[in-house]
1. When the residues of region 97-112 are filtered to those that are touching a helix residue (DSSP H, G or I) at 6+ places or on another chain (Cβ under 8 Å) and closer than 21 Å to Leu54 by Cα, which remaining residue is modelled with the highest pLDDT?
2. For region 57-90, give me the residue count where each residue is at pLDDT below 90 and exposed (fewer than 11 other Cβ atoms within 10 Å of the Cβ).
Amino acid sequence: MERERKPRGHPLAGNGNRSKNGLVPIVKHSKITAMAMKPSFNRDDINKQCDRFLESVEERQVKVFDHMGEKCVIEADLSGAYVDQTGNLRASIGYTVFKDGQVRLTEGLMAKY
């Protein structure tokens, strides 16, 4: 496949259009006109969107920790290498998910209290 050759006067052609500093100008002699753009949102809208995003991330983290806790409970229950003579040890397995010192989720024995 052949490369397309640019005409000699084309701004990206190279050799003939280099300025004093050696750069190839992309646009020669053009008038730049500004188009006014006004946002349809404000800073509060951005902050609210960021807060919603962070809340969704935190909820997903709680779900992941919940899943990890469930797996740990199952693992401890099925393959615990301890002697559980009364059944109290296996019945007491549970977990709690905290965020900033506040309980977000409790499962197992502690969830009853």
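The values are calculated or read from the model by the stated rules, or taken from the named source; none is laboratory data. Just so it is clear, the structure is predicted and the values come from calculations on it, not from any experiment. Glycine gets a Cβ as well: all are built from the backbone with ideal geometry, and neighbour counts include every protein chain shown.
1. Among those residues, the one meeting the criterion is Val97.
2. Total satisfying the criteria: 9.
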